[in-house]
Amino acid sequence: MSNRLKYRSIATRAAWVCLLAAVLVCESRGQGDDATNPTSVINPSMGASSNVAVLSSAGSHVYVSVREASGLQLTETAMVKLNCPLVGLNLTRPAKDDGPVAQFLSVPFGDCRVEVQATGYKPVKEQVEVLQSVTNRIQYVFVYLHPESEVATGGRPVVVPPNAVKEIDKGMAAMQKKKNAEALKHLSKAEQLAPNNGDVAYLLGMLALDGHDLSSAGQHFQKAVTNAPTNEKALLGLGYVQVDTSQWSPAVQTLEKALQVNSNSSRAHLLLANAYAQLRNYPKAQEHAQRAEEFGGENAAPARTLLGEVLEAEGNREGAALELKSVLHDYPNAPSAAVARAQLDSLATAGATSEVAITAPGAPGAETGKASTASAALLPTMEAATVTAWAPPNVDSAAPSVASDVPCAVDDVMERTSANTERQLESLEKFLATEHIQHEEVNGKGEVTQIRDKNFQYMVFTEKSKDGLVFLDERRDGGKNTDEFPTSLATVGLVSLGVDVFHPGFAKALSFKCEGLGQWRGKAAWILHFEQRPGMKSYLRLWETKTKTEEIPLKGRVWVAASSYNVLHVESDLREPIKDLELARDHLSIDYGPVSFGNGASELWLPWYADMYLELHGKRYHHSHTLTDFKLFSVDTTNTIGAPKNVPPPDAEPPEKP
């Protein structure tokens, strides 16, 4: 590149790191703070276990909430074990209280382990730090259970071969021009190059759907979902085929998974409303039809029409008539208007007696429901979505599914992030790892221009400032020279990028929102969204040229383990494209996990791997970073590195470059 642009983070000099581990203390009465008369709780002071701890008034009430993978409350009975070895506490009880929740009273503060088992589900173990609380406040622990039949999937997306990306792009271009035969040729070749790629299978499914071959479409969509269980587009396609072929129960399962990936999908809500209506689960059908209508757009008319049919089936003829008339008034030219008109005529001639028999879900005939097939006019349109096989979607393209009954206070989450950081880093002075970087360069036409890789020695020094804040100084091969990177693009700051957002000096330029309790890699997680405020600079991300330093406004999302408050995953994007740099995409995705040192004697949460996706000057770049062979070191006092001198104070501009 002519300007030898170097991508840099403020973390190259030294970045404050939060490894984000704490436990949420919920104080609102709505969370059950009044625990004076809980049902069937266990109190260590009352001898509920043969291995009772010496009580401490500084402990907390620990409430373990057990949930399904979808985030819904578990309907089966689960057994919960609370083990706190440092204080000799070992308690077991069923999770059957309101929730279901296993309630343990007056648990002494300190490190504990929660183990949950339920018939038909995989056992789960979570580490929990019970907080000090003179008033024995309630501390919630959320545990998600997954069915034994569920196949575990890795967190990292499979790298698509560059030649396959080229064929995918050509296939999509042909699909957009309605040249399906040409598209099939390119996508079939892409399938040979990447046989397990979910996007290829999805596009082949859309081709089959466009040709009205539902059987073939369903097979392709099922393959896509098998290889990529969180592929929202494939889940929608499979759910559509299942609804269109009257497979109501499988459709419900598929579409509920689609909403876990993106709770704001109006098409998923509309399809799910149709499936529930056919199963005669009218409350659920009404709920999802209303959600689909709320999003507006082309799905509002069929959603409102379906809502009218559901109200009629429930016996609410007046409400049904109002909804159907509003369809004719607001959407007279919509395809569903004909259905609404026919339904109104049926209401007018039916008299006072409804012609729709209401059958409880699971009763005889419930699988076929009111009609043998759903009306095509009440289904969403299905067109092939744009697939960017070289990069994940923007963080704001979908909203992750969260538990609707669990509140989340962003200030509580952010306030407690530093405690675990200090505990994990207090004995650490530096660590070393082997870093493998693979660089791919693909132009806008999908043509591969470069593929390079290289190994580095990646070293991180831990430093503490006078005010107690922790900084990391990150280096490769003993220095900070980025000339040895596979290309002139250098990615740095993997340990701290994405978690620096909680540093006071950076956070004041960001707006935060806790989106709720979701999950990552099967674990319950608080999901925080952040975005840089207009007119303010955060200096979280800097791009450098030979002549200037450019500050890059960011937005992103962080997944934090709900039991331990360790970071599980971080994603960030440009708040908007940077025209001066011709930078259209800058997407970073980092997965964190536990790394043990000293035969398991100590543990740190560090990045396992990271992927950066750039679209710069019309070219696409993908940096893949993998850290292995971690080693913990103690720095001799004579070799102690001084505190970072180039970190900009909260109110200062970044240092000028020579």
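The values are calculated or read from the model by the stated rules, or taken from the named source; none is laboratory data. Keep in mind that this is a model prediction, so the values were computed, not measured. Virtual Cβ from ideal backbone geometry, glycine too; neighbours counted across all protein chains shown. What goes into the accessible areas is simple: the full protein's heavy atoms, side chains included, and nothing from ligands, DNA or RNA. Shrake-Rupley method; radii C 1.70, N 1.55, O 1.52, S 1.80 Å.
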With a 1.4 Å probe and every protein chain left in place, tell me how much accessible area residue 459 has, in Å² to the nearest 10. 40 Å²
Amide H neighbours of residue 264 under 5 Å, at least 5 residues apart or on other chains, H built in the peptide plane: list them. 399
Solvent-accessible area of residue 382 with every protein chain in place, 1.4 Å probe, in Å² to the nearest 10: 40 Å²
Are there GluC sites (Glu not before Pro) in the range 526-589 that DSSP puts in a loop and that have at most 15 other Cβ atoms within 10 Å, and which ones? 582
Among the listed pairs 464/555; 257/523; 166/555; 125/523; 223/257; 125/430, give every one whose C-alpha distance is greater than 19 Å. 464/555; 166/555; 125/430
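Using DSSP to define loop residues, name the trypsin sites (Lys or Arg not before Pro) in the range 558-621 whose beta-carbon has at most 10 other beta-carbon atoms within 10 Å. Could you put the intermediate results ahead of the total?
Working: sites: 575, 579, 585, 619, 620; in loops: 575, 579.
Sites meeting the loop and neighbour criteria: 579.
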Find how much the distance from residue 214 to residue 330 grows on full extension, using 0.36 nm per residue of separation minus their present alpha carbon separation; answer in nm with one decimal. 38.5 nm
Could you go through the range 199-210 in sequence order and give the Karplus-derived ³J(HN,Hα) for each residue, using 6.51 cos²θ - 1.76 cosθ + 1.60 with θ = phi - 60°, rounded to whole Hz, and x for Gly and Pro? 5, 5, 4, 4, 5, 5, x, 5, 4, 5, 5, 5
What are the residues whose amide H is under 5 Å from the amide H of residue 575, where those residues sit 5 or more places off or on another chain and H is modelled from the backbone? 554, 555
Please identify every one of the GluC sites (Glu not before Pro) in the range 241-301 that sits in a loop by DSSP and has no more than 10 other beta carbons within 10 Å of its own beta carbon. none
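Estimate the FRET efficiency between residue 136 and residue 111 by the formula 1/(1 + (r/R0)^6), using the beta-carbon distance for r and 25 Å for R0, to the nearest 0.05.
Working: r = 18 Å, r/R0 = 0.73.
After rounding, the FRET efficiency stands at 0.85.
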Tell me which residues come under 5 Å, amide H to amide H, from residue 568 once H is placed; ignore anything under 5 positions away on its chain. 559, 560, 561
Going through 508/579; 81/233; 170/284 one by one, the pairs whose alpha carbons sit over 30 Å apart turn out to be 81/233; 170/284
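So how much slack lies between residue 341 and residue 436, counting 0.36 nm per residue of separation and subtracting their Cα-Cα distance, in nm?
Values: separation 95, 0.36 × 95 = 34.20 nm, distance 6.36 nm.
Gain on extension, residue 341 to residue 436, equals 27.8 nm.
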Quick one: length gained pulling residue 86 to residue 582 fully straight, 0.36 nm per residue minus the C-alpha distance? 172.9 nm
